[in-house]
Structures are given as structure tokens and as C-alpha cells.
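Visitor: Submitted below is the structure of interest, expressed as C-alpha cells.
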Amino acid sequence: MKKSMLLLSILLLVAGLPLTFGGGEPETVVEESAEKPSQFEGVVEIDRSGWEIGKPGGLFVLAQLSDPKSFNPVVAKETSTTDVTDLVWDNIIDRNQLTLEWEPRMAEKWEISDDEKTVTIYLRKNLRWSDDKPITAEDVIFTMNDILIAGDGIIQSRP
């Protein structure tokens with residue numbers, strides 16, 4: 001036991017010598033780039049200007065080992081459900097995972113009151129359900145009050 005502890009101590013001492021007696025301060029290299037610097041190393045800007053907007057209809061195939069347990073994103077707990085609900089439902093606002101900024105999705109804009117107790121959300125125009133019926137503020141209020149908050153009724157519509 002003593003021999004192995006002594007051997008381990010010697011190995012750690014020898015391994016640490018290059019760090020201790022490495023020969024001075026590390027050299028700092030600064031490279032300038034003409035590109036806009038990214039917050040995350042290796043992230044490349046994608047030019048989406050040539051992308052086409054999708055057309056209604058067609059076929060979407062998703063291979064899964066089991067069927068979704070629900071189409072309600074509130075109770076979704078497994079990927080067989082969330083893989084589907086993430087494609088079907090959208091958020092009012094969402095956090096951009098690259099910039100960490102809040103961005104509108106179904107909302108056109110939103111305002112937060114000075115006391116930070118009220119959020120006023122302005123929905124985008126022409127939001128539609130899959131059957132082409134318009135999505136209204138009342139639809140959002142119902143979803144928030146009766147499904148997400150389970151009947152507390154704290155979300156209200158402004159005239």
C-alpha cells in the first residue's frame with residue numbers, strides 16, 4: 001500500500017513539473033476576422049433568403065417506436081408524444097436557442113407593465129388552425145386558462 005501511494009505521489013509530481021516550469025507566460029494570439037463574430041464557436045450563419053415557403057398538403061412521415069400517448073403538450077412526458085406535439089403546437093413567444101433572446105412566434109409583439117404584473121400580447125394577424133379557421137384571442141385565453149393553468153381564469157381579453 002505504501003509503495004503504491006509513493007509511486008502515485010511521484011507520478012503526480014512528475015506530471016505537474018511541465019505546468020510549473022513551463023517557461024514563462026503563454027503567448028497570446030489575436031486573429032481578426034472580417035466576419036461578424038459569433039457568440040458560439042463554430043456557429044455559421046445560414047443564408048435562408050433562397051428558401052421557399054411551404055405549401056399546404058403533402059405527406060409527412062415520422063418514424064417512431066411507439067404511438068403518441070396524447071396530443072396535449074401540457075401532459076407530454078415522452079418523446080413519442082413531444083416529437084408530434086412540437087410539430088403541431090406553437091408558442092406565443094419563444095426563446096432563440098442561439099441568441100437567448102425572446103422572439104415572437106404567434107405574437108406580433110408584447111408589452112410588460114411597469115409593475116411587471118401584466119403582459120399584453122398582440123397576436124399576429126391571419127393566424128389559422130389546421131382547418132383554416134382563424135385563431136382568436138379567445139382561443140389563446142381558453143388554452144391558457146382552461147388547459148395550461150387548469151381553470152384559474154387569470155388570463156383576460158381586452159376589448
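The values are calculated or read from the model by the stated rules, or taken from the named source; none is laboratory data. Because the structure is a prediction, the values reported are computed rather than measured. Note that each Cβ is placed from the backbone with ideal geometry, even for glycine, and that neighbours are counted across all protein chains shown.
Visitor: If I go through the range 96-122 residue by residue, how many of them are in contact (Cβ under 8 Å) with a residue 24 or more places away in the chain and touching an Asp or Glu at 6+ places or on another chain (Cβ under 9 Å)?
Guide: 3
Visitor: Can you name every residue in the range 120-159 that is in contact with a helix residue (DSSP H, G or I) (Cβ under 9 Å, 6 or more places away or on another chain) and either at pLDDT below 85 or assigned by TED's automatic domain parsing to the domain that holds Ser70 (or both)?
Guide: Those that are in contact with a helix residue (DSSP H, G or I) (Cβ under 9 Å, 6 or more places away or on another chain) and either at pLDDT below 85 or assigned by TED's automatic domain parsing to the domain that holds Ser70 (or both): Ser130, Gly151, Asp152, Gly153, Ile154, Ile155, Gln156, Ser157, Arg158.
Visitor: Please go through (1) among the aliphatic types (A, V, I, L, M); (2) assigned by TED's automatic domain parsing to the domain that holds Ala63; (3) over 19 Å from the mean Cα position of the chain (by Cα) for Val84 and return the number of the only condition it doesn't satisfy.
Guide: Every listed condition holds for Val84 apart from (3).
Visitor: Right, something else. Taking the condition of being loosely packed, with under 11 Cβ neighbours inside 10 Å, of a type in the set (Val, Ile, Thr) and at pLDDT 85 or above, how many residues in the range 65-108 meet it?
Guide: 1
Visitor: For Ala15, are the conditions met, namely being among the aliphatic types (A, V, I, L, M), modelled with pLDDT under 80 and over 30 Å from Thr136 (Cα atoms)?
Guide: So Ala15 passes the test.
Visitor: I've got another one for you. Go through (1) at pLDDT 80 or above; (2) over 16 Å from the mean Cα position of the chain (by Cα) for Ala34 and report which single condition fails.
Guide: Only one criterion in (1) at pLDDT 80 or above; (2) over 16 Å from the mean Cα position of the chain (by Cα) is unmet by Ala34, namely (1).
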